[in-house]
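The values are calculated or read from the model by the stated rules, or taken from the named source; none is laboratory data. Please read all numbers here as calculations on a predicted model, not as lab measurements. No Cβ is skipped: glycine too gets one built from the backbone with ideal geometry, and neighbour counts run over all protein chains shown. Heads up: the accessible areas ignore ligands, DNA and RNA and are worked out on the full protein's heavy atoms, side chains in. Shrake-Rupley method; radii C 1.70, N 1.55, O 1.52, S 1.80 Å.
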Amino acid sequence: MLKKLVAANWKMYKVQIDVSDFFGKWNRLETPKEEIAFFPQDPLIPLAKSLLRPGEKVGGQNCSERKEGAFTGDTSPYLLKNVGCEYVLIGHSERRHVFGEKNEVMGPKLKNAMEAGLRPVYCVGEKLEEREAGKTIEVVFAQLEALNGLSATGYDIAYEPVWAIGTGKVAKPEDASLVHGKIKEWLEEKGLGEDARVLYGGSVKPDNATELLSSSGIDGLLVGGASLDPESFHKIATAV
Ligand code: PEP
């Protein structure tokens, strides 16, 4: 049984001095007992990696479905692995809905990332209008189809309702638990995700982290805005 994973998605924030400042403060705080992973912008990965404490991990925010070649602006998962990543986010809602990445590209990305030796955190979640139309599970299951054909182990899932990301609107723990339970049932039926943790993401803050992290089926958290500040992220990472 893997530890809970508490992951910091720094999105397109921070420059080098901010990363040094963050770890200067973070490393003076008690080491959390949960597994911790940081997802900085790609050029900041080696610096972040050099400042991590033992057991803490670093990951990329996205990667290419291709290994190498004339693909200007894309990042190979083999490079992420080469600079010290253990994780990569795939299918974050901002990739899907701001950059228009289609679900069809997620399977090849997941496969490529795993072949490169990374552990993907595959992000799924419904938009507000889909939730209101009662389509949450249908949408999430359709996104999970990208996992078909992968091995049974070696990746995690993040359930991130799109309407909760960066909006301050957090899913009720019981609603998140219900979706997490359905995701786990889907994985079990397909013989997939045998060691997958299902993380919750979407406006996680120090004041809601304890309830979320101790709710049934929630095996970790993916934290955006509240992970930028070391004290705030530490409160979340040590919430249970
Ligand atoms: C995220 O970026 O995955 C996220 C959940 O962001 P926030 O915590 O800011 O809603």
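Farthest toward the dipole's positive end in the chain, which of M1, W26, L110, given Cβ charges of +1 (Lys, Arg) and -1 (Asp, Glu) about the Cα centre?
W26
Could you grab the relative contact order for the chain? Cα pairs under 8 Å, six or more apart, rounded to a whole percent.
Computed value for the chain: 20 percent relative contact order.
Please report the net charge: other residues with Cβ closer than 15 Å to the Cβ of E189, K and R +1, D and E -1.
-1
Roll a 1.4 angstrom probe over the protein heavy atoms and tell me the percent of accessible area of the stretch 5-237 that is carbon or sulfur.
52 percent
Kindly provide the helix-only [θ] at 222 nm of the chain, computed as the sum of -39,500 (n - 2.57) over DSSP H runs of four or more divided by all residues, to the nearest 500 deg cm²/dmol?
-10000 deg cm²/dmol
Tell me which of L150, A237, Y13 sits at the most positive position along the dipole axis of the stretch 5-237, charges placed on C-beta atoms (Lys, Arg +1; Asp, Glu -1).
Value: Y13.
Quick check: net charge around I236, other residues with Cβ under 14 Å of its Cβ, Lys/Arg +1 and Asp/Glu -1?
Once all neighbours under 14 Å are counted, the net charge is -3.
Which order, highest average first, do 69-78, 155-164 follow once you tally other Cβ atoms within 10 Å for each residue and take the mean per peptide?
Listed from highest to lowest mean packing, they are 155-164, 69-78.
May I ask for the Kirkwood hydrodynamic radius of the chain, worked out over all distinct Cα pairs and given in angstroms to one decimal?
17.8 Å
Please report the net charge: other residues with Cβ closer than 12 Å to the Cβ of P206, K and R +1, D and E -1.
Once positives and negatives cancel, what remains is -2.
Between D175 and V240, what's the calculated FRET efficiency when r is the beta-carbon distance and R0 is 22 Å? Round to 0.05.
Calculated transfer efficiency: 0.70.
Full-extension gain between E115 and S151, please, as 0.36 nm times their residue separation minus the C-alpha to C-alpha distance.
Additional length available on full extension: 11.9 nm.
Rounded to the nearest 20 debye, what is the charge dipole size of the stretch 121-240 about its Cα centre when +1 sits on each Lys and Arg Cβ and -1 on each Asp and Glu Cβ?
Once rounded to the nearest 20, the dipole reads 180 debye.
Would you mind working out the magnitude of the charge dipole of the chain relative to its Cα centre, with +1 at each Lys and Arg C-beta and -1 at each Asp and Glu C-beta, to the nearest 20 Debye?
The dipole magnitude comes to about 480 debye.
Counting only heavy atoms of protein chains, what accessible area per residue, in Å², does the stretch 142-197 have with a probe of 1.4 Å?
Counting only protein heavy atoms, the per-residue value for the stretch 142-197 is 43 Å².
How much length is gained on full extension from Q16 to S50, taking 0.36 nm per residue of separation minus their Cα-Cα distance?
11.0 nm
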